[in-house]
Amino acid sequence: MNSPATPRGQLCIWTDVEREHERDFNRWYDREHMQERVAIAGFQSARRFRAIGASPRPYLALYYTDSLAVFRSAAYRAAFANQTEWSLRNFARMRATQRRVGELAIELGAGEGAALALLVVPAGQCSLVPLRAALADAVEQDGVVQAAVLCTEVGLSAPLTPDAPPAPADALVMIEASAAGPALEQAAEIARSLTLSGEIHAFEMLWRLGA
């Protein structure tokens, strides 16, 4: 997949949850929340991931839309403003949550990987031209199937809970591969070659919903 003429939109929820409520949290995500979001007009698909190894936020959810405009639509605003009781209970149990909405400014490769490496690029360090070249090289490496860059739109990335800090104007580099090793290797190489100071985390995919 090459970046489309109109970039797709993406919602990224990266969070921890109180251990005593983890089972209900996963049941809510798997039985209600992903289905509810993907049913909104303009949403294409959603995926859930779990961190490999220690992570301050072990759960990652990615939602894909036709464009960034979907997050400004009446349908999405209504869904965001009218959460279910189950959702509200789980939002209150989530910890250290980071919510990002933005455009997938770069999408390269084909397919979806069983593992994903997430490189957080601090605000002011994201330059798309060298990133595109680095990602084009990454998707040619054995095991790597896709690479993408999410550019955070601060105005649309309102926190889920009042105590969460606002999202910065940062970016996420996502490298997908058939296993965690190649994904992590390429994320680390991109950070090294472009002198990016962001942290890197690895995830395994749990499941996917959508076309």
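The numbers here are math on the coordinates, done by the rules we state, and not lab data. Keep in mind the model is a prediction, meaning the values are calculated, not measured. Cβ coordinates were reconstructed from backbone atoms using ideal geometry, including for glycine residues, and neighbour counts include every protein chain displayed.
For the range 1-94, what is the relative contact order in percent, using Cα pairs closer than 8 Å and at least 6 residues apart in sequence?
Value for the range 1-94: 39 percent.
Comparing T97, T195, T152, which has the greatest mean-square fluctuation in the GNM of the chain with Cα pairs linked when under 10 Å apart?
Largest GNM mean-square fluctuation: T195.
Would you mind calculating the gained length between V154 and A96 on full extension (0.36 nm times residue separation, minus the Cα-Cα distance), in nm to one decimal?
Extra length available between V154 and A96 comes to 19.1 nm.
Would you kindly state how much longer the chain becomes between A39 and A169 on full extension, computed as 0.36 nm times their sequence separation minus their alpha carbon distance, in nm to one decimal?
Using 0.36 nm per residue and subtracting the Cα-Cα distance, I get 44.0 nm.
Hey, got the dipole for the chain? About the Cα centre, +1 on K and R Cβ, -1 on D and E Cβ, debye to the nearest 20?
540 debye
Using Cα atoms only, what is the angle between the long axis of helix 128-138 and the major principal axis of the chain, expressed in degrees (0 to 90) to the nearest 10?
80 degrees
Give the span of the chain's Cα atoms along each principal axis, as three whole-Å numbers ordered largest to smallest.
That gives 46, 37, 32 Å along the principal axes, largest extent first.
Can you grab the distance from the C-alpha centre of the range 152-169 to the C-alpha centre of the range 86-143, Å, no decimals?
16 Å
As I understand it, the value is the acute angle between the Cα axis of helix 180-193 and the longest principal axis of the Cα atoms of the chain; what does it come to in degrees, rounded to 10?
60 degrees
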